[in-house]
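The values are calculated or read from the model by the stated rules, or taken from the named source; none is laboratory data. None of these values were measured; they are calculated from a predicted model. A quick note on method: Cβ atoms are made from the backbone with ideal geometry, for glycine too, and the neighbour counts reach across all protein chains shown. These accessible areas exclude ligands, DNA and RNA; they are computed on the full protein's heavy atoms, side chains included. Shrake-Rupley method; radii C 1.70, N 1.55, O 1.52, S 1.80 Å.
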Amino acid sequence: MLRFANNQMSRFAIFNKFVGFMRKLINIDSGDIVTSVIDKLISEKAKNIFLFIPSNALFWHSIVNLKLLKREAGNLNKNIIIINSDRVKRELSERVGFVSLSAIPEEIAEEDAGDYKIEDSLEDILLSGGKKQETNVAPVVAPKKISDIIRLLPDKGPALSSFASLKKYSSHTNAEEERGELSDEDDRILSGIKKDITKNEDSRDIYETSADMKKNKLEEEFFDRENFEEHFNNKAKNVPSQKIFGGTKNDAYFSESMARKMIKKRVLMKGIIFPLLIVIASASLAGMAIFILPKAELHIFRKLEPVPFDVAIAVDSTISAVDFERNKIPGQILTVRKTEEKLFLSSGEKEIEEKARGLVTVYNELDSTSQPMIPSRFQEEKTGKIFWSKKSVIVPGASIKDGKILPGTLDVEIVASEAGSDFNINCSAFSPCRFTIPAWQGTVKYDKLYAVTNEPIKGGSIGKVKVATIEDIAKAREVVVSNLKSELTNELNEKVPSNLQLLKESFVEKIIKESAGVKVGDVADDFLLSADMELSGVAFNEEDFNRLFDFIIKNKMSEDMDMLADKREVSFAVSYGADKKVLIKATGEESVAWKIDELSIKRDVLKKNESDLRQYFNSIKGVESVRVDFWPFWVDKTPNKESRIEIIIER
């Protein structure tokens, strides 16, 4: 087991000088993943941490783990130094931005490992089963000045690694500020270290001046480690074992020269094998394309011929099957009925001078003789307002019943003598209005002939009033009828049996009764319009209709033609007859196309080029145009096998 050398001691002295003493070591298990490592950092209160990650840990399977750890360490404001005896892993750690060491500093090992000395690596400590390892290392005290460190540095060795680690660490801390506090002697010594670093390119633990050129290969070696791990383990048996802080070199480290040879061999193999495989694959594909894969697609567009028709088809509810001879199909006439009323506002206005009017009862208590009256003047006793009767009347005479005199009575309409609301009088049963006839004042008739009413005298006004217009009534009717039609249509659809379809063109609506409650020009702030409506429709089986229709069209066209259902244009007219029969008149035209013999065409077009194909299809009746697609793109003839020719009838 190697002792903790002076140059290693000097390295940690520099760390102590720049970042203070690191007092916490965290051991990572081989099975820990990156999230477990981050959890340990979160639970650790110390800011400065030595992180020992064994070479066989899952953590090293991807450099992404290093990057994640670096990001989280920054978020947690923790300074991390990674401990690993494998130079490749230390190089990758430093590329990500970590400081890395090959062994645990003595003071940290003594604090966290108990009786174990600094030269004991964590792997040896774990393998020792807890037994203390023997060591001849004397206690090392970290020097306080860089000049002390330099006196302990050898001419060669890991001095460059120490300085490079220091420099990399200082780039992530405030070391530049602390360097201002160093003495001139320290600056001179640091300059000397840099010069020594440049000269010592053969040291195993130094940053070589060509390190940047080799890091990509080291990284590739790291990512491809699993593929040749066994190879190097086998080779290591023949390599002399060299202890590195309690472990052996062939346990945790394989030489860079061996890695370079392996990578070079791989690159050489890739440079020969891959192009060869590409050439073979290309040749195979070309052969398949030439001798096996050629194909052709013939897209045929047929000429369309219109067939006009004017057909009458009867829907009869008394039959149960299609009658092809009489052009009849079974069906039903469905009917629904509904009433609706709605209040509408009047929009018209007009200037009026209306006189108040009302109905009064004239009493005759004079005698049993009837009393004739010409249009007379009536005066309301309380207000003194004058009203006139509109026509001549005869008031019956009084009568005697059960010994009592019963006056004769007659209802007479009276109208105010002037227009305006002043003549509106609120008469009622609790406050009846009594009218006298001024013309008989001073005679016996004045007290015996009079008029009384319990109804208000109203209607007198001067100014603008609302009246119903012709547009108001028409619009109200349109709204009500539209609502009724929509509701009746829904009811009719719900009434159709599941095996039948309604023909919308067969809908017939009928207004049974309607009323607006006002006439055009009537004074009214609003009016109520009502309507009673009936809706009928024809329902039949669509399949029955199409069967009969196709039968009729086929009788009108040649047997060498096909019907194209999507090219049918038809309009319907429906008339209702007696005995639950409906006549549907269908007019329009249907496009038909000539039939194509696909098998004959495939036989005839074998090994033909585009010119031959054009000449061939020009001779076929009913073909309007043809589009030919060859595959692969360099093929210019149809294949010599019918199975490689596909015919697509576009219409």
* Asked: Going by the alpha-carbon gyration tensor, a ≥ b ≥ c the square roots of its eigenvalues, is region 588-651 rounded (a/c under 1.5) or, if a/c is not under 1.5, prolate (a/b greater than b/c) versus oblate?
  -> prolate
* **Contour minus Cα-Cα distance for LEU76 and LYS513 (0.36 nm per residue)** => 148.6 nm
* Which length gain, in nm to one decimal place, applies between ASP310 and THR443 when the Cα-Cα distance is subtracted from 0.36 nm times their residue separation? -> 38.6 nm
* Asked: Label points 7 Å out from Cα along the Cβ direction at ILE470 and ARG377: separation in nm?
  -> 4.4 nm
* To do: Pop the C-beta distance of SER417 and SER347 into the FRET formula with R0 = 35 Å and round what comes out to the nearest 0.05.
  => 0.60
* Structure fact -> One finds, for ASN483 and SER575 with R0 = 25 angstrom and r their Cβ-Cβ distance, a FRET efficiency to the nearest 0.05 of 0.35
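Starting with the highest mean, order 435-443, 304-312 by the number of other Cβ atoms within 10 Å, averaged over the residues of each peptide.
Numbers: 435-443: 15.1, 304-312: 13.3.
Listed from highest to lowest mean packing, they are 435-443, 304-312.
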* Structure fact -> With DSSP loop assignment and no more than 16 other C-beta atoms within 10 Å, the trypsin sites (Lys or Arg not before Pro) in region 349-438 are LYS382, LYS390, LYS391
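Ignoring ligands, DNA and RNA, please state the percent of accessible area on region 311-430 from carbon and sulfur, probe 1.4 Å. Kindly include the intermediate steps, with their values, before the conclusion.
Values: 3570 of 7320 Å².
Heavy-atom surface of region 311-430 belonging to carbon and sulfur, 1.4 Å probe: 49 percent.
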* Asked: In nm, to one decimal, how far is the modelled label at GLU297 from the one at ASN490, with both set 7 Å along Cα→Cβ?
  -> 4.8 nm
* Structure fact -> Length gained if ASP629 through LYS338 is fully extended, taking 0.36 nm per residue and subtracting the Cα-Cα distance, is 98.5 nm
* **Distant-in-sequence amide H partners of ILE83 (H built 1.01 Å from N, under 5 Å)** => LEU51, PHE52, ILE53, LEU101
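Could you give the accessible area per residue of region 358-449, probe 1.4 Å, as a whole number in Å²?
Working: 5470 Å² over 92 residues.
Accessible area per residue, region 358-449: 59 Å².
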* Structure fact -> HN-Hα couplings for region 487-500 via Karplus (6.51, -1.76, 1.60; θ = phi - 60°), in whole Hz with x for Gly/Pro, come out as 5, 5, 4, 4, 5, 5, 5, 5, 8, 6, x, 5, 8, 10
